[in-house]
Amino acid sequence: MNIPNIPNYVKGWLTDTEAQFLYTRAKACPPETVIVEIGSWKGKSTICLSQGSAAGENVPIYAVDPHQEDSYQEFEHNVSSAGVRELVTPMVKTSAEACEGWTQPIGLLFIDGNHEHDMVEQDYLLWSPFVVEGGTIAFHDSTSSPFNQLMGYLGPKQVVDKYLFQSKAFKNIGFTGTTTYATKELAQTVTDTLARWSTRGQKLLPDSLMLIHHHVLLKLPSGVLKGIRRLMGYQKLTLGR
């Protein structure tokens with residue numbers, strides 16, 4: 001298997017390129033580490049990560065999500081039917097609760113939980129210290145897309161701007177779909193720093209357009225925005241995918 005095989009009935013807000021990215025990075029995840037995803041919802045990303053891991057070093061996946069209503073039952077069904085349940089440890093807790101007493105080294109950290117700024121920042125501050133050198137950190141819904149603006153997904157992008165682009169701990173920053181990813185590397189060269197800021201420069205125009213879009217959206221009555229979000233299936237910002 002070279003690509004994730006996701007059953008058609010598994011719903012989620014993950015593009016094909018993002019699914020392939022998660023699969024590939026999970027497949028390359030080094031042994032003696034684990035994969036952590038913050039926000040699992042119905043398990044679409046979990047399946048990508050698990051199938052990638054199964055094609056690689058069989059690195060365990062910890063799926064952190066407090067779940068709501070019947071989402072856990074659907075998550076279990078979807079992950080099990082995809083044939084990857086044995087690698088997955090569901091943690092039906094908040095991110096902060098799951099991190100209490102955590103000690104395991106993380107080879108891949110995928111953050112896609114509550115999209116409010118303070119919550120995304122908390123996820124980063126809690127879990128990123130456990131990402132190993134050479135490991136990957138990725139944030140879903142963190143790019144300057146009109147969709148993210150419409151849904152009110154500002155937190156992930158703000159955290160990425162602060163902690164990836166302005167940090168000397170990450171390099172090789174890239175984008176796929178609405179996901180921003182980077183490699184943890186504490187020892188960086190001048191070239192690494194220049195490359196990080198060059199990548200940031202490439203996002204200035206989209207960021208400017210996003211800012212304009214945001215101010216336009218702010219002029220819409222709140223009831224109209226809520227109606228649009230409801231029609232698109234998003235009623236709460238706590239949903240990941």
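The values are calculated or read from the model by the stated rules, or taken from the named source; none is laboratory data. If you're wondering where the values come from, they're calculated on a predicted model, not measured in any experiment. In this analysis, Cβ positions are derived from the backbone assuming ideal geometry, glycine residues included, and neighbour counts consider all displayed protein chains. For accessibility, only protein heavy atoms count, side chains too; no ligands or nucleic acids. Shrake-Rupley method; radii C 1.70, N 1.55, O 1.52, S 1.80 Å.
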Task: For the stretch 13-22, 3J(HN,Hα) per residue [Karplus equation, 6.51 cos²θ - 1.76 cosθ + 1.60, θ = phi - 60°, Hz, x = Gly/Pro] - done: 9, 9, 6, 4, 5, 5, 4, 5, 4, 4
Open item on the list: Under the rule a/c < 1.5 gives rounded, and otherwise a/b versus b/c splits prolate from oblate, where does the stretch 1-103 land using the Cα gyration tensor?
Closed with: oblate
Task: Segment LEU126-TYR9, extension gain: residue separation times 0.36 nm, minus the distance between their alpha carbons - done: 38.8 nm
TODO: Calculate what fraction, in whole %, of the accessible area of the stretch 1-91 sits on carbon and sulfur atoms when a 1.4 Å probe is rolled over the protein chains.
DONE: 50
Open item on the list: Just to confirm, what accessible area per residue do you get for the stretch 1-97 at 1.4 Å probe, in whole Å²?
Closed with: 46
Task: Charge context of GLY56, other residues only, Cβ under 12 angstrom, K/R +1, D/E -1 - done: +1
- [ ] Just flag the GluC sites (Glu not before Pro) in the stretch 38-100 sitting in loop per DSSP whose Cβ has no more than 14 other Cβ atoms within 10 Å.
- [x] GLU69, GLU100
Task: Computed over the stretch 85-182: relative contact order in percent, which uses C-alpha pairs under 8 Å that are six or more apart - done: 27
Task: By accessible area with a 1.4 Å probe, ligands and nucleic acids excluded, highest first: order of LEU126, LEU87, LEU49 - done: LEU126, LEU87, LEU49
